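These notes are about the structure you will find just below.
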Amino acid sequence: MAMKIKKGDQVIVITGRDKGKTGEVIQAMPKESKVLVRGINLVKRHTKPTQENAGGIVSKEKPIHVSNVALIDPKSGKATRVGIKLDKGQKVRIAKKSGEVIAEVGRTK
């Protein structure tokens, strides 16, 4: 089944260590049902120095399961579910709480 949360969406974490935090989806991984959210689920990694990188302890984002995040409603700013409906022959994603259109589904030109 396709994920309803896409790259570039503003999401809020609804459960877990970062509950209540918001961020933008950097990458969506539909096969694993996970998303990478900027500033969420940060972990420390020890890295060896390379020619480009000085090394040391680096903070980076780890993927979070898509069931632990919810889209932010553009009208109210609260968590909402995502629905899909036809609008003038085009599929569009809508926020279930307000009915506000989020984005068109499918290819963007």
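A short reminder: the numbers here are calculations on the coordinates, not readings from a lab. Keep in mind the model is a prediction, meaning the values are calculated, not measured. Neighbour counts are summed over all protein chains in view; Cβ atoms, including those assigned to glycine, are modelled from backbone coordinates with ideal geometry.
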Residue pairs, from the table LYS21/LYS91; LYS21/LYS88; LYS44/LYS97; LYS4/LYS48; LYS21/LYS85; LYS48/LYS78, whose Cα atoms sit over 32 Å apart: LYS21/LYS88; LYS44/LYS97; LYS4/LYS48; LYS48/LYS78
For the chain, the dipole about the Cα centre with charges only on Cβ (Lys and Arg +1, Asp and Glu -1), to the nearest 20 debye, works out at 220
Which is the longest stretch in the chain that no exposed loop site breaks, taking sites as GluC sites (Glu not before Pro) with a DSSP loop state and at most 11 other Cβ atoms within 10 Å? 53-109
Starting from the alpha-carbon convex hull of the range 10-79, give the projected area averaged over all orientations, in nm². 5.8
State, to one decimal in nm, how far the label point of SER98 lies from the label point of LEU42, with both points 7 Å from Cα in the Cβ direction. 2.9
Relative contact order of the chain (C-alpha contacts under 8 Å, at least 6 apart) in percent is 19
For VAL37, what residues show an amide H to amide H distance below 5 Å, using hydrogens built from the backbone and excluding near sequence neighbours? ILE26, ILE64
Ranking THR50, THR80, THR22 by Cβ neighbours within 10 Å, fewest first, what do you get? THR50, THR22, THR80
